[in-house]
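Read the structure below first, then the notes.
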Amino acid sequence: MNDPLFYARAIHFAASIMVAGVVFFIVFVAEPAFRHTKDDARVAVAVRIRLAWIAWIGLIVALASGVPWLVIVAESMSGQPLGALTSQGILWTVLTQTDFGNDWLLRLVLACALGGLFVHFLSVKGVTSLGLKAVTAVLAAALVGSLAWAGHAIGGQGVEGFVHPAADVLHLIAAAAWAGALVPLAVLLTMTGPHAAGLAAARTATQRFSTLGIVSVAALLLTGTVNAWYLVGSVSALTGTDYGRLLLVKLTLFAGMVGIAAFNWSRLTPRLLQNADATGAQRAWRQLRRNAAIEAAMGALVICIVATLGILPPASHVHEHGRPGAIPADASFQHIHTENGMADVTVEPGHVGVAGVTIHLWDAEENALDAQQLTLTLAPPTAGGNPITRPAVQDSDGLWHVDGIELSQPGNWMVTIDAVLGPGKRLTLAAPIVIDAK
Amino acid sequence: MRTLIFLASIFVVALGMPAARAHAFLDHATPAGGSTVAAPPQELSLSFTQNLEPSFSTVEVTGPSGDRIDQGKPQISGNTMRVGLKASGPGTYHVHWHALSVDTHTTQGSFAFHVGGQ
């Protein structure tokens, strides 16, 4: 991956999920577990110190990675180079007049507010105030959930405009509550140690984490299904597009994490809870600690995939781009869109000389459109120039081809597609297409 | 485990259902691409499949003479972009739009329509 946006997104997502994961872990798992280990306060203090380090580093990294993310997105939005972003006020326009910028500012405020709360929340004495725990957990959920407004989930019409962002917010919060809390769990299991006093805390923590994990996995599956329905849409798109295939890798990793979690829940946790078998409990503790680290590493890979998925065009409408990944670098491409039908026209090479033209027809419902006959006309930019009209030949994939077209001059050519769909039924599409000089 | 299998099966079934569209692609235009209208339109209206960011979405319209005839910055509300057109004669009009959707992705496209039976 050479795209700096990937690194900025991956680091920012990972840091935000880690911050929220530590907060959820402290509120729902660690502090309740430490109530059972009052006889060994040193363990609780040692765990709290390490969790505080993770939370503070996560918050600082989230803030620091947010800056390059904003700059890269502002460059992409405006099409302007880095220097123009401040000199022409583009950065301010992005921050104040776009959904991404508004969300970025909100998240900056949330991160600063969390930093203020962390001074007391991450105290080595532990947090006892219910109000502080509730407010910190809500702000942490908002910090990670608001990432939904920086992705594919927003901007839909009608019901999608509400359902998709809501599902994505819950998806992100559930991811933080499970994957984000795995590193804190590994830390807690390491610090508690295999001795009897430590095992008491490890037992309670593992039990509570199992409950948190089951609820989170169920939420991830449900909300992930909603996301996939909007962004993938079909089984063929799941296997036939880069977005879909990458999502399959993510699902495979997710299934692996769930498998390990199920093994922990069904086999290791019961052994850990058996007071009678100290040796068995210690062995289960070691395996749980190792499995938490493995799951956390798999979770990090999932976050890297999420960072990439946010950059790729969603599979459900890749064809509307004309499959940008499939367009050769030296080709000219035009997507012609009307209410009666659409065509993706690729001229390769897209410069003066002999070229081939490929045409993909779609109907208004975005299904492949069958035509009995198709004629291509290319009219040169110069007024009075002779248009080139040639019949197209359909291949076994349904694409139409015209080869050996002599493009005599650069400029805005007019491409016209005349398709015979049936008796007395035609579809005519026209649009300019740019042909470069050699 | 049964619950997880049930939820996973929902995922598979959902993928078999028709999907909604995301990203800002042109859904329909008035005048429509490739259409022929009797008189020069006073306004061009473009509807997209997703809401747009007004600050970074533009449209350019050139008339039969090749000169720009759009009246500058378009009005954008939700997923609709409108721009007034200066009076021009019969012939082929070319539209080039550039859309920034609220999910930060840019798209662009072109189409032509005809005025006066050409």
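Along the axis of the charge dipole computed for the protein assembly as shown (Cβ charges of +1 for Lys and Arg, -1 for Asp and Glu, origin at the Cα centre), the listed residues A:ALA419, A:PHE162, A:ALA297 are led at the positive end by A:ALA297. The magnitude of the dipole of chain A, with charges of +1 and -1 set on the Cβ of Lys/Arg and Asp/Glu and taken from the Cα centre, is near 2840 debye. Here each label is just a point 7 Å from Cα along the line to Cβ, and for B:ARG68 and A:LEU106 those points are 3.4 nm apart.
Membrane-span-like helices in chain A, defined purely by DSSP H runs whose alpha carbon atoms cover 18 Å or more axially and whose average Kyte-Doolittle hydropathy reaches -1.0, are A:4-25, A:41-78, A:99-121, A:130-145, A:160-178, A:196-231, A:242-263, A:278-309. For the protein assembly as shown, the mean residue ellipticity at 222 nm estimated from helices alone is -16000 deg cm²/dmol, where every DSSP H run of n ≥ 4 contributes -39500 (n - 2.57) and the total is divided by all residues, rounded to the nearest 500. Residue order for B:SER101, B:SER45, A:SER396, A:SER332, fewest other beta carbons within 10 angstrom first, comes to A:SER396, B:SER45, A:SER332, B:SER101. In this rough spin-label picture, where each label sits 7 Å from Cα along the Cβ direction, the A:PHE162-A:GLN372 distance is 4.8 nm. Model label points for A:LEU273 and A:GLN409, set 7 angstrom from Cα along the Cα-to-Cβ axis, are 8.3 nm apart. Across the stretch A:46-192, C-alpha contacts under 8 Å between residues 6 or more apart give a mean separation that, scaled by the residue count, equals a relative contact order of 24 percent.
Rounded to the nearest 0.05, the FRET efficiency derived from the C-beta distance between B:THR30 and A:VAL135 at R0 = 60 Å is 0.75.
Arranged from fewest to most other beta-carbon atoms within 10 Å of their beta carbon, A:THR416, B:THR104 become A:THR416, B:THR104. With K and R counted +1 and D and E -1, the other residues having a Cβ less than 15 Å from that of A:LEU374 yield a net charge of -4. Shown is the FRET efficiency for A:VAL352 and B:GLN108, computed with R0 = 22 Å from the Cβ-Cβ distance and rounded to the nearest 0.05: 0.45. Shown for A:LEU130, A:LEU63, A:LEU288, A:LEU212: other C-beta atoms within 10 Å of each C-beta, ranked fewest to most, produce the order A:LEU130, A:LEU63, A:LEU212, A:LEU288. Normalised by the number of residues in chain A, the average gap of Cα pairs under 8 Å and 6 or more apart makes the relative contact order 13 percent. Report the residue, chosen from A:THR86, A:THR346, A:THR211, that carries the largest GNM mean-square fluctuation when chain A is represented by alpha-carbon nodes joined by springs under 10 Å. The residue that fluctuates most here is A:THR86. Look at where the Cα atoms of the stretch A:385-421 and of the stretch B:39-67 average out, and the two centres are 27 Å apart.
The trypsin sites (Lys or Arg not before Pro) of the stretch A:108-214 meeting both criteria, a DSSP state outside H, G, I, E and B (loop) and at most 10 other C-beta atoms within 10 angstrom of the site's C-beta, are A:LYS125.
Any read-out appearing in this document is the output of simple, stated calculations on the displayed coordinates, not a laboratory observation. The shown structure was predicted, so the numbers you read here are calculated from the model rather than taken from an experiment. We place every Cβ from the backbone using ideal geometry, glycine too, and count neighbours over all the protein chains shown.
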